[in-house]
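Some notes on the structure that comes next.
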Amino acid sequence: MSQPTPTFTTTSPSSLIRLLQGITPLLSSFTTGLSLSLSVILVPRLLESPSPLILRQWLSAFHQGKKLIPGLSILSSLGYFLLSWWHFHPSGGSSTNGRLSKIYLLAGVATLSIVPYTRIIMWPTNLKLMAKEEEFSSWGVDHVLVTEEEEKGAKYLVDHWGLLNLGRAGLVGLAAVLGLGAGYI
């Protein structure tokens, strides 16, 4: 009796695809954690400080986050779109591959949707915070007294930004869950 010869099919994922299936959800999970930490850890600590300091520290964190989070999100969405393309079979591949393609596509769209979310939902608050920080910094270092209304206004804006940022973290978190879940289909 002869041993059956192993056959190779085009439907088995290559090493690169397996790597993407592991790294892409990991990357979006990391991005979710990073974004969540801004709302859950940073914002409450900022709210303990006086308004001029809150705004200066928020602006610094904003500029750091702007350098990192969009790039990580774009990399994640590219990974999800590549996985979706890989699993898409227009000639009628298995139904599992069709489902995987849709799940990865949805994960890519969810990740990329932080861009319009930020521009439409968060940007007005970002602009108000930047304007208020510029106003406070124009007073100079010696000016540390702010009115109660100014104090509440700055704290409200930072707190509001933290709540809005939870939505952005939720979008990337949804992508991470979809990407991880697709690995079990």
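The values are calculated or read from the model by the stated rules, or taken from the named source; none is laboratory data. On a predicted model such as this, the values are computed, not experimentally measured, just so you know. Cβ placement follows ideal geometry from the backbone for every residue including glycine, while neighbour counts extend to all protein chains displayed.
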**Report entry** Checklist (1) surrounded by 12 or more Cβ atoms within 10 Å (Cβ to Cβ); (2) at pLDDT below 95; (3) not basic (Lys, Arg) applied to LEU27, failing item
**Finding:** (2)
Report task. Return the pairs, sorted by first residue and then second, in which the second residue is part of a helix (DSSP H, G or I), the first residue lies in the range 122-137 and is of a type in the set (Phe, Trp, Tyr), the beta carbons are less than 7 Å apart, and the residues are 6+ apart or on different chains. Result -> PHE136/SER51; PHE136/PRO52; PHE136/LEU55
Requested in this report: Would you please list the contacts, defined by Cβ atoms under 9 Å and residues six or more apart or on different chains, that run from a residue in the range 11-22 that is part of a helix (DSSP H, G or I) and at pLDDT below 75 to a residue that is surrounded by 13 or more Cβ atoms within 10 Å (Cβ to Cβ) and of a type in the set (S, T, N, Q)?
Outcome: none
Requested in this report: Kindly establish whether GLY170 is under 27 Å from the mean Cα position of the chain (by Cα), assigned to a helix (DSSP H, G or I), modelled with pLDDT of 90 or more and not β-branched (Val, Ile, Thr).
Outcome: yes
